[in-house]
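Read the structure below first, then the notes.
The values are calculated or read from the model by the stated rules, or taken from the named source; none is laboratory data. Since the structure is predicted, the reported quantities are computational estimates derived from the model, not experimental observations. Cβ placement follows ideal geometry from the backbone for every residue including glycine, while neighbour counts extend to all protein chains displayed.
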Ligand code: PSU
Ligand code: MN
């Protein structure tokens with residue numbers, strides 16, 4: 001199963017990022033699946049980074065954030081790059097990988113509906129199953145769910161009929177479909193292959209005791225959004241800026257939640273991969 005590298009290079013602070021990248025691979029192995037973290041090393045897309053390569057992407061200051069459109073220019077320029085959900089899904093699918101785990105998907109940004117992550121259109125044309133904790137809570141969750149509907153991407157709540165809110169257990173939005181087991185996900189994955197070329201999203205919420213305190217979350221989000229305008233942050237720097245702001249302003253609470261999100265999603269994705277093999 002696939003893991004992305006943007007979380008490692010641009011989503012988590014050092015030195016936790018490298019530790020988490022290694023731990024997550026170990027969790028996947030313990031669940032009986034084979035982890036393949038995807039990234040670009042000196043222009044070569046690599047499916048299954050080794051420890052030296054992973055360390056490089058976690059510690060170098062010269063790692064480009066690669067969405068799908070960046071893959072070709074970065075390859076030609078022999079750059080080192082970290083792949084987003086959109087890019088990781090595309091590369092994983094090409095390599096024959098069926099399941100992928102991340103933290104939270106990109107989506108439609110608040111106060112900036114023209115800023116929509118390429119994760120959405122990328123997933124609409126990539127038949128892979130992606131386990132996430134919903135979309136990042138820094139986004140306009142309602143608008144993002146509407147876009148996923150338009151794009152034909154199915155969303156399954158894992159053990160819930162509510163869409164998870166990344167750092168928060170519940171985003172406040174309902175879902176049409178829910179599942180209770182990795183086996184059920186595998187069955188839906190197979191059924192999807194008959195009828196659709198879009199991704200299947202498995203939305204796996206944090207348990208309530210592991211979420212960020214909602215009041216703290218809302219306060220920090222307001223300050224983070226104000227920081228975007230004040231500091232003139234735009235484009236692909238927006239998401240890393242907001243995540244870094246959270247990690248600082250919550251005194252590590254959002255970091256702890258993000259690490260748990262990634263670990264739990266990797267474990268569930270590994271179970272789905274094992275169920276698909278059966
Ligand atoms: N999940 C996390 N942390 C992250 C991401 C996901 O817990 O940093 C990354 C993914 O790579 C996702 C990207 O594709 O954030 C979205 O960036 P943007 O909004 O610029 O498309
Ligand atoms: Mn964007």
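Please indicate, with yes or no, whether at least one residue in segment 17-29 is modelled with pLDDT of 95 or more and not in a helix (DSSP H, G or I). I'd like the intermediate steps shown before the answer.
If we filter segment 17-29 for residues that are modelled with pLDDT of 95 or more, which is where we start, we get 17-29.
Cutting the leftovers down to not in a helix (DSSP H, G or I) gives us none.
No.
I need the full set of residues from segment 140-181 which are in a loop (DSSP other than H, G, I, E, B), within 22 Å of residue 262 (Cα to Cα) and in contact with a helix residue (DSSP H, G or I) (Cβ under 9 Å, 6 or more places away or on another chain), in order please. I'd like the intermediate steps shown before the answer.
Here is the first cut: in segment 140-181, the residues in a loop (DSSP other than H, G, I, E, B) are 140, 151-153, 159-161, 166-167, 175-176, 180-181.
Applying the additional criterion that residues be within 22 Å of residue 262 (Cα to Cα) yields 140, 153, 159-161, 166-167, 175, 180-181.
Answer for segment 140-181, where residues must be in a loop (DSSP other than H, G, I, E, B), within 22 Å of residue 262 (Cα to Cα) and in contact with a helix residue (DSSP H, G or I) (Cβ under 9 Å, 6 or more places away or on another chain): 153, 166, 167, 175, 181.
Can you tell me how many residues in segment 90-122 are part of a helix (DSSP H, G or I), under 19 Å from residue 149 (Cα atoms), more than 8 Å from ligand 1 (Cβ to nearest atom) and in contact with a helix residue (DSSP H, G or I) (Cβ under 6 Å, 6 or more places away or on another chain)? Final tally of qualifying residues: 2.
Residues are listed down the side, and each one gets a yes or a no for (1) over 22 Å from residue 133 (Cβ atoms); (2) in contact (Cβ under 8 Å) with a residue 24 or more places away in the chain; (3) out of contact with any strand residue (DSSP E or B) (no Cβ under 9 Å at 6 or more places or on another chain); (4) away from ligand 2 (no atom under 16 Å from the Cβ):
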| site | (1), (2), (3), (4) |
| --- | --- |
| 14 | yes, yes, yes, yes |
| 19 | no, no, yes, yes |
| 24 | no, yes, no, yes |
| 47 | yes, yes, no, yes |
| 55 | yes, yes, yes, yes |
| 83 | no, yes, no, no |
| 89 | no, yes, no, yes |
| 97 | no, yes, no, yes |
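Only one entry of 243, 221, 228 meets the criterion of being part of a helix (DSSP H, G or I), within 16 Å of ligand 2 (Cβ to nearest atom), touching a residue at least 24 places away in the same chain (Cβ under 8 Å) and at negative phi, and that entry is 243. Looking at (1) surrounded by 15 or more Cβ atoms within 10 Å (Cβ to Cβ); (2) touching a residue at least 40 places away in the same chain (Cβ under 8 Å); (3) under 18 Å from residue 274 (Cα atoms), can you tell me which one residue 37 breaks? The number of the failed condition is (2).
Can you say whether residue 273 is in contact (Cβ under 8 Å) with a residue 40 or more places away in the chain, in contact with a strand residue (DSSP E or B) (Cβ under 9 Å, 6 or more places away or on another chain) and part of a helix (DSSP H, G or I), as far as the supplied structure shows?
Values: in contact (Cβ under 8 Å) with a residue 40 or more places away in the chain: yes; in contact with a strand residue (DSSP E or B) (Cβ under 9 Å, 6 or more places away or on another chain): yes; part of a helix (DSSP H, G or I): yes.
When the stated conditions are applied, residue 273 passes them.
Does residue 118 qualify as being within 13 Å of ligand 2 (Cβ to nearest atom), free of Cβ contacts under 8 Å to residues at least 60 places away in the same chain, more than 24 Å from residue 24 (Cα to Cα) and surrounded by fewer than 24 Cβ atoms within 10 Å (Cβ to Cβ)?
Working: within 13 Å of ligand 2 (Cβ to nearest atom): yes; free of Cβ contacts under 8 Å to residues at least 60 places away in the same chain: yes; more than 24 Å from residue 24 (Cα to Cα): yes; surrounded by fewer than 24 Cβ atoms within 10 Å (Cβ to Cβ): yes.
Criteria met by residue 118.
When residue 233 is tested against (1) under 24 Å from residue 145 (Cβ atoms); (2) within 16 Å of ligand 2 (Cβ to nearest atom), only condition (1) is not met. Residues that are buried (at least 17 other Cβ atoms within 10 Å of the Cβ) and closer than 9 Å to residue 10 by Cβ within segment 231-243 comprise 236, 239, 243, listed in sequence order. For residue 187, state whether it is farther than 28 Å from residue 239 by Cα and surrounded by fewer than 20 Cβ atoms within 10 Å (Cβ to Cβ). Here the answer is yes, as residue 187 does meet what is asked.
Residue 104 fulfils the conditions (1) touching a strand residue (DSSP E or B) at 6+ places or on another chain (Cβ under 6 Å); (2) closer than 23 Å to residue 194 by Cα except for a single criterion, (2).
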